[in-house]
Amino acid sequence: MDILTLWNALLIHPIMNLTVLAFAFVRDFGLAIIIVTVAIRLALYPLYVTQIRSQRAMQEVAPAMAELKKKYGKDRQRFSQEQMKLYKERGVNPAAGCLPLLLQMPLLIALYNALLQLGCGLGPPPDNSCPGLTHAMVESFRYGFISNPIPPDGSLDTTANWLPWITRGLQHPDPLFILPVIAGLVQLIASVMAMPAKQVQSDDPAARMTQSMAYTFPLITVVIGAQFPAGLTVYWIATTVFQIVQQYFVSGWGQLPKYLPFLRGIPTPGDRELHRREQAAIVEARQDMKDQDSEESDAHEPEPATPGRSNGGRRRGRRRGKR
């Protein structure tokens with residue numbers, strides 16, 4: 001089995017079958033993509049929860065990390081040791097938030113290929129006309145328990161009734177760029193919500209890069225969405241909205257109230273839990289530094305002389321002086 005066959009068997013064909021199955025129920029290609037999006041998000045739910053919890057854990061230790069930076073900032077080796085110790089004590093893995101992002105890229109590529117084949121037919125489209133997926137083409141990859149929703153003499157309708165300005169089908173880019181702009185806006189909301197409510201000033205280049213990407217990535221989303229199929233943009237909007245709902249319950253509003261002040265009066269489950277754990281992290285870090293200072297002072301303190309030896313020495317000195 002070659003790589004292309006394996007790629008189709010593991011990702012492309014399952015996504016195409018799932019989309020065809022959803023289309024058979026709703027008879028709307030846009031809604032079918034949203035159903036596929038929800039199904040993918042639910043399948044990867046544990047990984048996404050791990051990502052959000054990792055981001056939340058990094059936010060929780062940020063105040064304690066700032067205190068370590070203030071205390072050991074000039075001693076990089078000691079700061080690195082204390083940093084790893086804090087991560088270990090709090091159960092934080094800085095790399096845990098990257099795994100879902102790495103897994104999402106193959107899914108995006110697979111979904112892009114699946115949309116092209118669903119909209120334009122299997123193989124390269126002749127003269128880029130994208131005639132659409134036919135009944136016979138569906139039979140070539142359809143699973144036995146899924147019915148074929150395309151009539152024998154017809155092709156797959158890839159339009160979305162609730163997106164009337166996209167008349168050529170969702171396998172083509174949005175001609176008015178409405179969906180890319182919406183995708184950029186929801187990505188901006190998700191990125192701002194992922195930032196801690198109380199931003200800790202840090203000179204760490206990685207932290208500054210993460211903060212800058214929160215505002216540049218939505219712009220990249222708009223540019224990419226304007227060039228890729230509209231169906232892929234629909235998927236990105238749906239998956240980002242799903243992420244926003246998750247963040248509401250897990251990590252709260254983040255820095256969103258900074259731009260929407262009325263949200264300050266609407267508490268979230270994530271905000272209350274995050275505040276409690278941040279305070280616990282600060283108290284624990286202060287106690288650790290206090291214990292460490294006590295150990296160091298005990299180790300460097302000279303051993304006091306015993307009273308008997310001290311007094312005896314003074315008496316001998318006084319006797320020698322009288323003589």
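The values are calculated or read from the model by the stated rules, or taken from the named source; none is laboratory data. As the structure is a computational prediction, the values presented were derived from the model and not from experiment. Note that each Cβ is placed from the backbone with ideal geometry, even for glycine, and that neighbours are counted across all protein chains shown. Heavy atoms of the whole protein, side chains included, go into the accessibility calculation; ligands, DNA and RNA do not. Shrake-Rupley method; radii C 1.70, N 1.55, O 1.52, S 1.80 Å.
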May I ask you to order 143-154, 61-72 by the average number of other C-beta atoms within 10 Å around their residues, highest value first?
61-72, 143-154
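I need the calculated FRET efficiency for the pair Gln104 and Lys70, taking r as the beta carbon distance and R₀ as 51 Å, to the nearest 0.05.
0.90
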What distance in nm lies between label points placed 7 Å from Cα along the C-beta direction at Lys290 and Asn161?
6.7 nm
I'd like the accessible area for Ser155: 1.4 Å probe, protein heavy atoms, all chains in place, Å² to the nearest 10.
60 Å²
Sorted on mean Cβ neighbours within 10 Å (highest first), peptides 284-292, 74-82, 187-195 come out as 187-195, 284-292, 74-82
What is the percent carbon and sulfur in the accessible area of the stretch 136-196, measuring with a 1.4 Å probe over the protein chains and ignoring ligands?
66 percent
Here the stretch 17-27 yields Karplus 3J(HN,Hα) values (6.51, -1.76, 1.60; θ = phi - 60°; whole Hz; Gly and Pro given as x) of 5, 5, 5, 4, 5, 5, 5, 5, 8, 9, 6
